[in-house]
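Notes follow once the structure below has been shown.
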Amino acid sequence: MLTLTDQAVAAIRSLTTRPGLPAQTGLRIAPGQADSGGLSLSLADGPQAGDRVIEETDVQVFVQPDAATVLEDKELDAQISEDGEVSFLLQPQA
């Protein structure tokens, strides 16, 4: 199952606790466009039917079933730039 680094948890927390967002807001990972082969990350106010829910500390990640297989042995990491821009990275689990 996908794991999260401390940096990823901090980044998700900063994105999902902004004023005006529902308390259940989390990061949703789904397959990207069919021709890109990548993944799409977006904020969601809750899981959709069939999503795997990963809870770490006080954040939630909703993984769409088709993306779950690809992420089974991955770790989500993040970097936050000085201007607050978040970049997520997938890497093999240690």
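Between Asp58, Asp73, Asp83, the residue with the greatest mean-square fluctuation in the GNM of the chain (Cα pairs under 10 Å linked by springs) is Asp83. Note that segment 23-31 has calculated 3J(HN,Hα) couplings of 4, 8, 4, x, 8, 10, 10, 9, x Hz, one per residue in order, obtained from phi through the Karplus relation 6.51 cos²θ - 1.76 cosθ + 1.60 (θ = phi - 60°); glycine and proline are x.
Placing one equal scatterer on every Cα of segment 51-94 and applying the Debye formula, the log10 ratio I(q)/I(0) at q = 0.19, 0.29 Å⁻¹ is -0.71, -1.12. The stretch between Ala49 and Gln7, if pulled fully straight at 0.36 nm per residue, gains 12.3 nm over its current Cα-Cα span.
Could you please report the charge total around Gln93, scoring K, R as +1 and D, E as -1 over all other residues with beta-carbon less than 12 angstrom from its beta-carbon? Write out the running numbers ahead of the final one.
Details: positive: Lys74; negative: Glu72, Asp73, Glu75, Asp77.
Here the count lands on -3.
Relative contact order of the chain: 33 percent, from C-alpha pairs under 8 Å at least 6 residues apart in sequence. Estimated at 0.36 nm per residue, the fully extended path between Ser87 and Gln33 surpasses their Cα-Cα distance by 17.5 nm.
Computed from phi, the 3J(HN,Hα) profile of segment 4-18 under the Karplus parametrisation 6.51, -1.76, 1.60 (θ = phi - 60°) reads 10, 7, 4, 5, 5, 4, 5, 5, 4, 4, 5, 7, 8, 10, 5 Hz, with x in place of Gly and Pro.
Using the rule -39500 (n - 2.57) for each DSSP H run of four or more residues, divided by the residues of the chain, the 222 nm mean residue ellipticity is -5500 deg cm²/dmol.
The Rg/Rh ratio of the chain, with Rg taken over Cα atoms and Rh as the Kirkwood radius over Cα pairs, comes to 0.94.
Distances between placed amide hydrogens fall under 5 Å for Ser40 paired with Ala30, Gly32, all partners being 5 or more residues away or on another chain.
FRET efficiency for Ser14 and Val70, Cβ-Cβ distance as r, R0 = 35 Å, nearest 0.05? Write out the running numbers ahead of the final one.
Values: r = 25 Å, r/R0 = 0.72.
My answer for the efficiency is 0.85.
Read the figures in this text as sums done on the coordinates, not as results from a lab. Bear in mind the structure is a predicted one, so any value in this text is a computation, not a measurement. Because the Cβ atoms are built from the backbone with ideal geometry, glycine has one as well, and the counts that use them run over all protein chains shown.
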